[in-house]
Amino acid sequence: MASSTLLPSLLSPLPTLTQRRTPNHHFFFRRKPLPLVTASSLGNPPPRTKTKTGSGSGSWVSPDWLTALARSLSPRDDSGIPVANAKLEDVSDLLGGALFLPLFKWMLEYGPIYRLAAGPRNFVVVSDPAIAKHVLRSYGTKYAKGLVSEVSQFLFGSGFAIAEDSLWTIYLLRKIIPRQIKAEKAVTIIRKTVEELITKCKEIVEAEDEQIDGEEYVNESDPSVLRFLLASREEVGSVQLRDDLLSMLVAGHETTGSVLTWTLYLLSKDSSTLIKAQQEVDEVLQGRLPRYEDVKELKYLMRCINESMRLYPHPPVLIRRAQVADILPGDYKVNAGQDIMISVYNIHRSPQVWDRAEEFLPERFDLEGPVPNETNTDFRFIPFSGGPRKCVGDQFALLEAIVALAIFLQHMDFRLVPDQNITMTTGATIHTVNGLYMTLSPREVQHDCAFL
């Protein structure tokens, strides 16, 4: 019997989840739901988060007033960059909602580059591949991670994913905002747990009198991530090991789970694409589990994942800070210290960059061509960023996603539960507010199928 299931945000590895039977015999996972999609495969506009507007709003801050104030306090602007005027109805998405949705709206209104006031700071929002290429490739010489590194440093420490020369910690806000207090307690528990794990592992190593060799860790019977990190540097402290492990924990699991969730959502909205993907899985795998050499043969399935990452990139924005004054492509000027927000979501959905940009079309990427990346698309497709600070785990993430998706399609049929209110919010990935429910049923594994 089919069951309606809330897809978990971390599909690989699958966690142990508590199920509860409801009166209608549906099941749901008792955990916070995963990020999910906005655009349907039929080209409909992405669903918007619901915001309260009008005279009854409890907000005393007018974005128009905020923009005017920021202009008056800023030095004369000769950058050539237009300034976006935020409206009151955009506040909810800007402050904790689906940040990328108003950014997309303003791109359509102001063009591929504009300035957005945000309190004491202002951001230059970039939705142009050429400018994104310039900024991302200039990391370390003209640009640094800036604001995103500061916030991530507070959450995860100075792991390799966010390490910068200067580090910063928030003191005041985390003491007065209830949600921040709760988050800080959760982060403290995670840090403590990882530190205890490191201590125990070090004790085991010392007890066995093992000599860790950077060239030999891959040949050990247990080539763990921690062993790799210990072997990768001569002197390393427990704090740095903790930070690196936390970076891997977040970057290596939540993003892959989000990609899988949105891919399943898109496939559930397009039955012909789903059937084609399942036929390829059946033809290549012949009823067995996937092997490494099968991955290169699952070409259409890989394009489904690529197209899902185009429509729902993780993260949807990248932030860099200018270390020196610079002139961007198009003759736009930025000053030292300027925060630049590269909207990956905008670039991936811009009608100036992609034909039929809002549609789910895996065939837009040539099946016989290379797997799309920032280089062979000239930064039109940047789900893993680009330049010196490109995601170090991009190939593993794709491998992990395609293997998990192939196994799922091989064994399960699924349908989107109708009449759901699918709304989004922004975190490290694109999340759904209320989760994503699908009706699942076992699928008989097919053999000797011809892939159409």
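The values are calculated or read from the model by the stated rules, or taken from the named source; none is laboratory data. Predicted, not measured: the structure shown is a model, and the values here were computed from it. Glycine also receives a Cβ, built like all others from the backbone with ideal geometry; neighbour counts cover every protein chain displayed.
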Among the residues of segment 333-353, count how many are more than 23 Å from Glu307 (Cα to Cα) and buried (at least 17 other Cβ atoms within 10 Å of the Cβ). 4
Given the structure, is Tyr332 out of contact with any His (no Cβ under 9 Å at 6 or more places or on another chain) and either more than 21 Å from Arg389 (Cβ to Cβ) or acidic (Asp, Glu) (or both)? yes
Can we say Val284 is among the aliphatic types (A, V, I, L, M), at pLDDT 60 or above, in a helix (DSSP H, G or I) and more than 22 Å from Ser441 (Cβ to Cβ)? yes
Cross-chain or 6+ apart pairs with Cβ under 7 Å, segment 309-333 first and at pLDDT 95 or above, then among the small types (Gly, Ala, Ser) and surrounded by 20 or more Cβ atoms within 10 Å (Cβ to Cβ): Leu311/Ala39
Yes or no: segment 260-276 includes at least one residue that is modelled with pLDDT of 95 or more, crowded, with 21+ Cβ neighbours inside 10 Å and in contact with a His (Cβ under 7 Å, 6 or more places away or on another chain). no
Only one of Glu358, Glu374, Glu400 is surrounded by 15 or more Cβ atoms within 10 Å (Cβ to Cβ) and in a helix (DSSP H, G or I); which? Glu400
Evaluate the following for Leu99: is it crowded, with 17+ Cβ neighbours inside 10 Å, out of contact with any Phe, Trp or Tyr (no Cβ under 6 Å at 6 or more places or on another chain) and modelled with pLDDT of 90 or more? no
Just to be sure I understand the filter: pairs with C-beta atoms under 7 Å, separated by 6 or more residues or on different chains, first member in segment 338-352 and over 14 Å from Ala130 (Cα atoms), second member acidic (Asp, Glu). Which pairs pass? Arg349/Glu358
Return the residues of segment 297-332 that are surrounded by 15 or more Cβ atoms within 10 Å (Cβ to Cβ) and either assigned to a strand (DSSP E or B) or of a type in the set (Gly, Ala, Ser) (or both); say none if nothing qualifies. Ser308, Val317, Leu318, Ile319, Arg320, Arg321, Ala322, Asp326, Leu328, Tyr332
